[in-house]
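Visitor: Pasting a structure here, questions to come.
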Amino acid sequence: MLGVVFTEFTDMVEQAFGAETLDEMIGGVESRLESGGAYTAVGTYHHNEMVLLVSQLAKQTGRDIDELVELFGQHLFGRFVVRYPVFFEGIDHALDFLETVEGHIHFEVRKLYPAAELPTFVCDRKAPQLLVMEYHSTRPFATLCRGLIKGCAQHFGAQLEIDESPLADEASGMCFTIRII
Ligand code: HEM
């Protein structure tokens, strides 16, 4: 997983829970982190480190792991808006944007960062206000995906209803049915 994801995560933890919680979180799992918990935006780290950090944060704050990962997805989307404005040019509809993630955004990300480990999305725009988006990945980040979708809705000022159903025969796959309400 790219270092930028980790630095955005630690920034969010510091903003939302304070510097002490951040130190405690890293200190709590440091010995199990291959990186030792020192992340740089240009590095790459095993995605299991993210899983360990979030579990530790959940323990410390009493929050649910899924709730924290979703919160991070929403935060991350806001950061993508700032870091990569070019992907938002000429798009004013949340579902139109989500449809560009696979073929355009992640496609460009793969070119820029060959070490990136990205999911695959299969999209089916059933109607102007209805998108079915299948998330395929070997990594367990469907909840991050839900947070990113919610962040996208916020950015475009859309009210979304999101239904989820796990994909058969895939440990991490998820089918999101996203409807504008
Ligand atoms: C401007 C918008 C976006 C940019 C620039 C972007 C870029 C990235 C980058 C850099 C990563 C990290 C890859 C790695 O760590 O190796 C990533 C991962 C990911 N992205 Fe995006 N992304 C965007 C929008 C979205 C949206 C809207 C979704 C969901 C619908 C999404 C779903 C994911 C997921 C779930 C991962 C985690 C990796 C995995 O599950 O396999 N992304 N993306």
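Visitor: How high is the FRET efficiency from residue 31 to residue 171, r the C-beta distance, R0 22 Å, rounded to 0.05?
Guide: My answer for the efficiency is 0.20.
Visitor: Further, regarding this structure: Which angle from 0 to 90°, rounded to the nearest 10, does the C-alpha axis of helix 19-29 make with the longest principal axis of the chain?
Guide: The two axes meet at around 80 degrees.
Visitor: Work out how far the C-alpha atoms of the range 3-96 reach from end to end along every principal axis, then list the three figures in whole Å, largest first.
Guide: Computed over the Cα atoms, the extents are 46, 29, 22 Å.
Visitor: Given contacts defined as C-alpha pairs under 8 Å and at least six residues apart, what's the relative contact order of the chain, whole-number percent?
Guide: Computed over the chain, the figure is 20 percent.
Visitor: Please sort by residue number the trypsin sites (Lys or Arg not before Pro) in the range 43-152 whose DSSP state is loop and whose Cβ has at most 10 other Cβ atoms within 10 Å.
Guide: none
Visitor: Something else: Report, in degrees rounded to the nearest 10, the 0 to 90 angle that the Cα long axis of helix 65-83 makes with the longest principal axis of the chain.
Guide: On a 0 to 90 degree scale, this one is about 70.
Visitor: Separate question: For a label point 7 Å from the Cα of residue 158 along Cα→C-beta, name the residues of the range 80-100 whose backbone N is under 11 Å from it.
Guide: 92-100
Visitor: Further question on the same structure: In deg cm²/dmol, rounded to 500, what helix-only [θ] at 222 nm does the chain give when every DSSP H run of at least 4 residues adds -39500 (n - 2.57) and the total is split over its residues?
Guide: -15500 deg cm²/dmol
Visitor: Select from the range 1-89 those GluC sites (Glu not before Pro) which occupy a DSSP coil region and have at most 14 other Cβ atoms within 10 Å, ordered by residue number.
Guide: Here the GluC sites (Glu not before Pro) that fit, given the DSSP loop and packing criteria, are 34, 89.
Readers should treat all values here as calculations from the given coordinates under stated rules, not as data from a laboratory. Treat the numbers as computed from the prediction; the structure is a model and nothing was measured. So basically every Cβ, Gly included, is an ideal-geometry build from the backbone, and we count neighbours across all protein chains shown.
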